[in-house]
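Quick notes on the structure that follows.
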Amino acid sequence: MSTTLEEEHQRFTFDDQWVVFKYDSATPDTGYFSIKNAVEGTKACDFLGEYAGATAYFIEVKDFRGFRIQNKKRLSRGELAAEIAQKVRDTLAGVLSGCRRGDDTFRWDQLAIYLTRSERELLVVLCLEHDDMKDKVRLGAQAELVRQKLAWLKPKVRVVSQSINSHKLPGVVVTDLPGAAGHA
């Protein structure tokens, strides 16, 4: 059965090979909100998931379409990469919190295996929609900035958009919702 999650005026439909949930949802019992309420400034990745029983994913969604000027420095100076790294760092704490609490929001123990064993695959994916990100080279440059900030964790990093590199987020279909830049 597929799972549908929404973020940033986009709908993400994950096929039945995914076990995924919205980590920074408004549900107060997630690890994120437990930490956020206790530690000011805590950040979180949007989605956490496991694909085909083989790969763990931390997924962050950013839709900058229509906000090119406001985000130019954020992209060129590596500010977005630093923000993604902070979100990954803080999400790791949330995963450990989920393991210790034993809540049933997600298979925390399974996710922890991906995080603690180097032979297991961990991917950090930035789903970036941006007016100026129209080619693989620019997305690759953003991926490299994120990779540098996450060198301490050694994950694989991908930057995808609906039109470029979407195959790097397998089993997922992304569609725009009303309110997305350029859509009614």
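Would you kindly state how much longer the chain becomes between Glu79 and Val39 on full extension, computed as 0.36 nm times their sequence separation minus their alpha carbon distance, in nm to one decimal? Walk me through the intermediate numbers first.
On the way: separation 40, 0.36 × 40 = 14.40 nm, distance 2.17 nm.
The span from Glu79 to Val39 would gain 12.2 nm if fully extended.
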- Per-residue ellipticity at 222 nm for the chain, helices alone: DSSP H runs ≥ 4 residues times -39500 (n - 2.57), over residue total, nearest 500 deg cm²/dmol? -11000 deg cm²/dmol
- Task: Would you compute the Debye intensity of the chain from its alpha-carbon atoms alone, equal scatterers and no solvent, and pass along log10 I(q)/I(0) at q = 0.15, 0.17 Å⁻¹ to two decimals?
- Result: -0.88, -1.15
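Compute the length gained on full extension between Arg100 and Ser118: take 0.36 nm times their separation in residues and subtract their Cα-Cα distance, giving the result in nm to one decimal.
Details: separation 18, 0.36 × 18 = 6.48 nm, distance 2.15 nm.
Fully extending the segment from Arg100 to Ser118 adds 4.3 nm.
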- Query: Once amide H atoms are built 1.01 Å from N in the peptide plane, which residues 5 or more positions from Asp63, or in another chain, come under 5 Å H to H?
  - Reply: Glu129
- Item | Lysine pairs in the chain with Cα atoms under 18 Å, if 8 or more residues apart or on separate chains | 27
- GNM top mover of Val124, Val173, Val146 - the chain, alpha-carbon springs below 10 Å: Val173
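Quick note: the coordinates plus some simple rules give every number you see, no bench work behind them. Owing to the predicted nature of the structure, the values given are computational and were not obtained by experimental measurement.
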